[in-house]
Number of protein chains: 2
Amino acid sequence: MSGNTEWRLRARPRGEVTRADFEVLSAARPVPGAGEALVRNIYLFVPPSMRLWMDEKESYLPPQPLGEVMAGITLGVVEASNHPSLPVGTYVNCMGGCQQWHVAPAERLQPVTPHAGVPLAAYRTVLDVQGLTAYCGLTEICQPRAGETLVVTAAAGSVGSLVCQIGKKLGLRVVGVAGGREKCDWLLEACGVDAVIDYKAGGVGERLDQACPDGIDMLFENVGGPVMDLVLDRVNRRARIALCGLVSSYNGGGTQRTSALMQLVNKSARMEGFLLTDHYGRYAEVTRKLEEWILDGGIRYQIDILDGLDQLPEAMGRVFHGRNRGAQLLRLSQEERT
Amino acid sequence: MSGNTEWRLRARPRGEVTRADFEVLSAARPVPGAGEALVRNIYLFVPPSMRLWMDEKESYLPPQPLGEVMAGITLGVVEASNHPSLPVGTYVNCMGGCQQWHVAPAERLQPVTPHAGVPLAAYRTVLDVQGLTAYCGLTEICQPRAGETLVVTAAAGSVGSLVCQIGKKLGLRVVGVAGGREKCDWLLEACGVDAVIDYKAGGVGERLDQACPDGIDMLFENVGGPVMDLVLDRVNRRARIALCGLVSSYNGGGTQRTSALMQLVNKSARMEGFLLTDHYGRYAEVTRKLEEWILDGGIRYQIDILDGLDQLPEAMGRVFHGRNRGAQLLRLSQEERT
């Protein structure tokens, strides 16, 4: 690992991401300048939205420039430092890219202080991106009141499963939609949801009617497409729909029924999108609370780790086809100090 | 007019409404009971959403029962009264149905006091349904700030044209989308919008780019379909989309691109539906303000009147195909006292 393996985006993917969309280069390990630190990337988080960044059209980030190192959400460790606040050995969250080494000014590196009882990888997933997304999306966009009914799509996913569990802590009736028996069982048994709907088993409309006898007050939506339409068909007056993502559209395509959106009018309902970055002000408060819940066993989560940057296309394929179990990470180097 | 001609819904329309969907009966003129009044219907308002009430599925009203008089938003005059608050000759707004005579308890009849300088028909349209919808939808859902850009679809329609003019009074850049040169010219010349887009002329995306150089902060949406998608593609951060209606879906069908909805996530934007009934608390305040604007010439509007209940299918066809000019009314009897 003396050099730096860099994955650069060569072409804008058409549909699913493949190895051919990247150029893999062996570059020199970068050297930190004044006020900068050298970070060894340990974990690269591979969310579905990474696919959006690759498109020509702006998403919530500017389009990834072609020919440059692919952007990536990482956790690493400082290996050399020109800034007093970041001693060597400090773990940091940052946008470290799809590469092994990263140099950045101190203000772009967010120190992380892992607790001995919590895996380091959790600080790049459940105790950061997913936790903050789930907690703030549910509490601030959905505005839940105890006793109301919440439907969560991609409920066994890394964000969805946290939303389900936080929803239960807030006294909600929680109905999770997921693909396949194994995920549904995990939601019932580990996450404690009130009901599950296996969308792959069909009959989603009837199952929603059964699982939500009092209608649907809130939807935490990760997927979009026909299941979302069926949920919208059943919302109650003044329903709140938190749009966290619409993964079904990221590889291109996907439609919604206009008549399903009309339910927003019929029921004076609200659909609102949000980004993690909208909620960074609550970072310390929320992650402290989630860390307590993890330590006392009140929150369950899964992290799915593959080894090596070479697994990037595989990791994205897993995420889009629901083959991952929990947050999808790539391990780029070992946790231990070198 | 001694008897009562009633239009009863015989069958749920498939697609567009036709005469064959109704049974037209000649019934006895109803007799008011204790606390009730007999109203002679003068104007029947024919909004696109009337089509929704005919479907089996609940909209914002319960489904119209088959075999009963079709629901209808009316303005009439009290011809016989068993309630002291409603002397004979009082003009009233009510849900008087698709018929000539209507009996209702006093609490379901809303007295109207027309100003000599304003047409009576305005009190069932711009000074009630459309005015309250336009004003409250724009101010409460869109939360406009002076200098922001507002796009209005069906901008030459009875609600849209009011939204455009109220938007100008609030200091917004207003861009109206309408079908055809005549409507676009009226928007520019009478309503004072900053720019118009004739969606029938094509190139809507490019025209939006030209008309909204600073992006789009608010959308007041009446139609849905591909134009809405193109507007969503261009919204700014924290945009607000007021869903007033999605007429393109009312006769069945219609889709939206999932990727357009994804803009709500990318831009942390909000889409919210609303109903007139959400805002009745502001009725007196808003209609007073609108009446002042009408009297001083600051608000322009159009009312399109056809004569006779027999014109009901024609009126609905006009509304759905944009052949009406302003709020579509049917005149069921003369304004003058009998």
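The numbers here are math on the coordinates, done by the rules we state, and not lab data. In this text, all values refer to a predicted model and were calculated from it rather than measured experimentally. Cβ: placed from backbone, ideal geometry, glycine included. Neighbour counts: every protein chain shown.
For the reader, a short list of remarks on this structure follows.
- Anisotropy class of the stretch A:129-276 from Cα gyration tensor, a/c 1.5 cut: rounded
- Each copy carries A:Arg19; placing its label point 7 Å along the C-beta direction from Cα gives inter-copy distances of 7.1 nm, listed from smallest up.
- With its label point defined 7 Å out from Cα along the Cα-to-Cβ axis, B:Ala190 lies at 6.4 nm from the matching points of the other copies, in increasing order.
- Placing unit charges on the Cβ atoms of the charged side chains and taking the dipole of the protein assembly as shown about its Cα centre, the candidate lying farthest along the positive direction among A:Leu330, A:Tyr43, B:Ala146 is A:Leu330.
- Residues whose amide H comes within less than 5 Å of that of A:Ala27, counting only those at least five positions distant or on another chain, are A:Asn4, A:Thr5, A:Glu6 (H built at 1.01 Å from N in the peptide plane).
- Here, P(r) means the percent of Cα pairs in each 20 Å bin from 0 to the largest distance; for the protein assembly as shown it is 17, 43, 28, 10, 2.
- Taking a ≥ b ≥ c as the square roots of the eigenvalues of the Cα gyration tensor, chain A is prolate, since a/c reaches 1.5 or more and a/b is larger than b/c.
- Net charge of Cβ neighbours under 12 Å - reference A:Ala80; Lys, Arg +1; Asp, Glu -1: 0
- Evaluated at q = 0.15 Å⁻¹, a Debye calculation over the C-alpha positions of the stretch B:1-64 (equal weights, vacuum) places log10 I(q)/I(0) at -0.64.
- Among B:Leu306, B:Ser259, B:Val319 - extreme Cα towards positive end, dipole of the stretch B:187-338, charges at beta-carbon: B:Ser259
- The calculated 222 nm mean residue ellipticity attributable to helices in the protein assembly as shown amounts to -6500 deg cm²/dmol, summing -39500 (n - 2.57) over DSSP H runs of n ≥ 4 and dividing by all residues.
- Check: chain A dipole with +1 on Lys, Arg Cβ and -1 on Asp, Glu Cβ, in debye: 380
- Remark: for residue pairs B:Lys183/B:Lys289; A:Lys200/B:Lys57; A:Lys267/B:Lys57; A:Lys267/B:Lys267; A:Lys168/A:Lys289; B:Lys169/B:Lys289, the C-alpha separation exceeds 21 Å in B:Lys183/B:Lys289; A:Lys200/B:Lys57; A:Lys267/B:Lys267.
- Here the stretch B:204-221 and the stretch A:208-232 have alpha carbon centers that stand 31 Å from each other.
- Applying 1/(1 + (r/R0)^6) with R0 = 30 Å to the Cβ-Cβ distance of B:Leu295 and B:Glu189 gives a FRET efficiency near 0.90.
- For the protein assembly as shown, a simple Cβ point-charge model (Lys and Arg +1, Asp and Glu -1, everything else neutral) yields a dipole of about 100 debye relative to the Cα centre.
- Residues in the stretch A:37-52 carry Karplus couplings, in order, of 10, 9, 10, 8, 5, 9, 10, 10, 7, 10, x, x, 5, 4, 4, 5 Hz; the curve used is 6.51 cos²θ - 1.76 cosθ + 1.60 with θ = phi - 60°, and Gly or Pro positions show x.
- Of all beta bridges that DSSP places with both ends in the protein assembly as shown, some 55 percent have antiparallel geometry.
- A label point on A:Gln110, set 7 Å along the Cα-to-Cβ line, lies at 4.9 nm from each of its counterparts in the other copies, closest listed first.
- Note on chain A: with a GNM built from Cα contacts shorter than 10 Å, the maximum mean-square fluctuation among A:Ser158, A:Ser268, A:Ser49 falls on A:Ser268.
- If only the Cβ of Lys and Arg carry +1 and only the Cβ of Asp and Glu carry -1, the dipole of the stretch A:129-276 around its Cα centre is close to 280 debye.
- For chain B, the longest principal axis of the alpha carbon atoms and the long axis of helix B:158-169 meet at an angle near 50°.
- Per-residue average of Cβ from other chains inside 10 Å of A:237-249: 3
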